[in-house]
Amino acid sequence: MTLKTVIHALVTGFEPFGVPRPSDNRSWEAVKQLAGQTVETKDATVVCHCHQLPVSYDDVLALVPPLHLGAEFGIVVHCGAGAPGMVRLEKRAHRTGYTRPGNKGPQDLPSGGCVPGYGTADELATAVDVDGL
């Protein structure tokens, strides 16, 4: 009998945001259904852990980089709302171009629309073939 690898996957969705603020966010509504579920593949058992991310630049910057850099999760998947009626897997993260404030109000907007931190390129792309999933 061959032992399967156990991979812990973090799957995130976002809290409701916008003006007026809706009662829910479809990315989180879809993601939270995976909490505690396992997915069996030929070679691995994937255990799903779900987390609702705040829509606040400072809070996300405090929460997300440690999740990416830590050893707890073998894979991290961020989901966004996408087009009306859809949920999409995030393929890119951007540091610049932010013009809308987060849920903490008008002051919740990074200076010059550029999110500090990470110390990386303006855009990070996933290595996962999201379109092929």
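The values are calculated or read from the model by the stated rules, or taken from the named source; none is laboratory data. Just so we're clear, the structure is a prediction, and the values are computed from it rather than from any experiment. With ideal geometry, Cβ positions are generated from the backbone for all residues, glycine too; neighbour counts draw on all protein chains shown. The protein model used for the area step is the full one, side chains on, heavy atoms only, and it has no ligands, DNA or RNA in it. Shrake-Rupley method; radii C 1.70, N 1.55, O 1.52, S 1.80 Å.
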Query raised in the report: Taking the chain as a Gaussian network, where each spring joins two C-alpha atoms under 10 Å apart, which residue of 80, 102, 18 fluctuates the most?
Result: 18
Query raised in the report: Cross-link partners among aspartates and glutamates for residue 4, C-alpha distance below 15 Å, same-chain residues fewer than 8 apart left out?
Result: 40, 43
Requested in this report: Can you figure out the FRET efficiency of residue 94 with residue 37, using R₀ = 41 Å and their beta-carbon distance, to the nearest 0.05?
Outcome: 0.85
Report task. For residue 91, list the aspartates and glutamates whose Cα falls under 13 Å from its own Cα; do not include residues on the same chain fewer than 8 positions away. Result -> 123, 129, 131
Query - Rough spin-label spacing in nm, given labels placed 7 Å along Cα→Cβ, for residue 72 and residue 107 - result: 2.9
Query raised in the report: Amide H of residue 78: which non-local residues (sequence gap of 5 or more, or other chain) have their own amide H closer than 5 Å, using H built in the peptide plane?
Result: 12, 90
Requested in this report: Loop sites only, by DSSP: take the trypsin sites (Lys or Arg not before Pro) in the chain that have at most 13 other C-beta atoms within 10 Å and name the longest stretch containing none of them.
Outcome: 43-133
Requested in this report: Would you mind telling me which residue in 109, 34, 63 has the biggest mean-square fluctuation in a Gaussian network model of the chain, where springs connect alpha carbons within a distance under 10 angstrom?
Outcome: 63
Report task. Rounding to the nearest 20 debye, state how big the charge dipole of the chain is about its Cα centre with +1 on each Lys and Arg Cβ and -1 on each Asp and Glu Cβ. Result -> 160
Query raised in the report: Where only protein heavy atoms count, and the probe is 1.4 Å, what is the accessible area per residue for the chain in Å²?
Result: 66
Requested in this report: On the protein heavy atoms, probe 1.4 angstrom, tell me the percent of accessible surface of the chain carried by carbon and sulfur.
Outcome: 58
Report summary line: Ranking 109, 19, 79 by how far each Cα lies towards the positive end of the charge dipole of the chain (+1 on Lys and Arg Cβ, -1 on Asp and Glu Cβ), the top one is 19
Query raised in the report: What residues have an amide H closer than 5 Å to that of residue 53, excluding those fewer than 5 places away on the same chain, when H is modeled at 1.01 Å from N in the peptide plane?
Result: 13, 14, 15
Query raised in the report: the chain: Rg/Rh from Cα coordinates, Kirkwood Rh?
Result: 0.99
Query raised in the report: Once the Cα atoms of helix 57-69 and of the chain are each reduced to a long axis, what angle between those two axes, in degrees from 0 to 90 to the nearest 10, is obtained?
Result: 20
Query raised in the report: How much net charge surrounds residue 130 when only other residues with a Cβ under 13 Å from its Cβ are counted (Lys, Arg +1; Asp, Glu -1)?
Result: 0
